[in-house]
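Have a look at the structure below before the remarks.
The values are calculated or read from the model by the stated rules, or taken from the named source; none is laboratory data. This structure is a prediction, so every number in the text was calculated from the model and none was measured. Note that each Cβ is placed from the backbone with ideal geometry, even for glycine, and that neighbours are counted across all protein chains shown.
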Amino acid sequence: MKALAIDLPGHGSDPGPQTDLHGDADRVRATLDRIEGPVVLLGHSYGGAVITEAGAHPAVAHLVYLCALVLDEGESCASAAAAEAETAQIVHDGRPNLNAGIIADENGAGSLDPAVAAACFYNDCDAETVEWALARLGPQPLITLQQNPAAVAWRDRPSTYVVCANDMGIHPDLQRILARRCTDSVEWYSDHSPFLSQPDRLADTLRDLVLASVRSS
C-alpha cells in the first residue's frame, strides 16, 4: 500500500507556474496515468473541487472528501450548495471570518493573513505545528474559486465525506450538506487540518478504504 501527496502546480515543491482548477485537475490526472489502480483519491478543502473533476479517471476506485468542496455540475467553490446553505440558515456568529483574511495581489492570486489562517485552519494544532504549517502556505489563484468542474466524478464513483465538526474554515453545517452528495460520511471533532491534528485517525480511515477497494476490485 503506497501513499502519494501530489503538489499542484505552483504549490509545495512545484516551481509553477500556477494554473486554474482545470490545470490542477490535469496534474492529478497525469499522476494517475502513472499509477495502477485501484486508487483512493483524497481531496482536502479546495482539493475537493480538483478530485471532483480529476476523479473520473479510470484508476480511481473511491473518492474521499476531507472537509472539502463537493461540486456539482455548474457549481464553483464560491457557489457550492448555495441554495441549500441559504435554506439551512447557517450561522457564522462568533467564528473567524476567513474571507476577511484574504489578501489579493496584482496577479489575481490571494494569500491569507497568517493570524486568520491559524484561527481558521489549525485551531486544534499545537503552536509548533501551526508555525510549521503557516510557513508553507502560499498564494492561490482566485480564478480557481470561480470555475466549474469539467466532470463530476462523485456521481458514478463511491465516495466518503469526512465532516470536521470543529472546522473554522468551512462551516461544519455546509460540510454536512455537501456530505449528502457522497455515498457515505463520517464526522470527527476536528479542525480544518486533521492530517496535522489527528494524523493517525486519518491514516487508519484511508487504510481501511484502500483495503476495501482492493477487495472489491
Only one of SER197, SER216, SER193 is touching a residue at least 40 places away in the same chain (Cβ under 8 Å), touching a helix residue (DSSP H, G or I) at 6+ places or on another chain (Cβ under 7 Å), on the phi < 0 side of the Ramachandran plot and not aliphatic (A, V, I, L, M), namely SER193
Could you run through the stretch 38-65 and say how many residues are part of a loop (DSSP other than H, G, I, E, B), free of Cβ contacts under 8 Å to residues at least 60 places away in the same chain and either within 9 Å of the chain's Cα centre (by Cα) or buried (at least 23 other Cβ atoms within 10 Å of the Cβ) (or both)? 0
Failed condition for THR160, given (1) in a loop (DSSP other than H, G, I, E, B); (2) crowded, with 17+ Cβ neighbours inside 10 Å; (3) in contact with a helix residue (DSSP H, G or I) (Cβ under 9 Å, 6 or more places away or on another chain): (1)
Looking at (1) free of Cβ contacts under 8 Å to residues at least 12 places away in the same chain; (2) in contact with a helix residue (DSSP H, G or I) (Cβ under 8 Å, 6 or more places away or on another chain); (3) of a type in the set (A, V, I, L, M, F, W, C), which is the only condition ALA5 fails? (2)
Would it be correct to say that ALA83 is aliphatic (A, V, I, L, M), within 22 Å of LEU42 (Cα to Cα) and not in a loop (DSSP other than H, G, I, E, B)? no
If you take the residues of the stretch 93-116 that are touching a helix residue (DSSP H, G or I) at 6+ places or on another chain (Cβ under 6 Å) and not in a strand (DSSP E or B), which of them is surrounded by the fewest Cβ atoms within 10 Å (Cβ to Cβ)? GLY108
Looking for something within 15 Å of LEU63 (Cα to Cα), surrounded by 22 or more Cβ atoms within 10 Å (Cβ to Cβ), more than 13 Å from the chain's Cα centre (by Cα) and at pLDDT 95 or above - is there at least one such residue anywhere in the stretch 187-199? no
For the stretch 200-217, what are the residues that are at pLDDT below 85 and either surrounded by 15 or more Cβ atoms within 10 Å (Cβ to Cβ) or among the hydrophobic types (A, V, I, L, M, F, W, C) (or both)? SER213, VAL214
Of all residues in the stretch 139-161, count the ones that are in contact with a Lys or Arg (Cβ under 9 Å, 6 or more places away or on another chain), among the polar types (S, T, N, Q) and farther than 12 Å from HIS62 by Cβ. 0
Among the residues of the stretch 1-16, the number that are exposed (fewer than 10 other Cβ atoms within 10 Å of the Cβ) and over 29 Å from VAL210 (Cα atoms) is 1
Considering only the stretch 7-33, state which residues are more than 23 Å from ILE170 (Cβ to Cβ), modelled with pLDDT of 95 or more and among the charged types (D, E, K, R). ASP26, ARG29, ASP33
Please verify whether the stretch 131-140 includes one or more residues that are within 23 Å of VAL70 (Cα to Cα) and either crowded, with 17+ Cβ neighbours inside 10 Å or of a type in the set (S, T, N, Q) (or both). yes
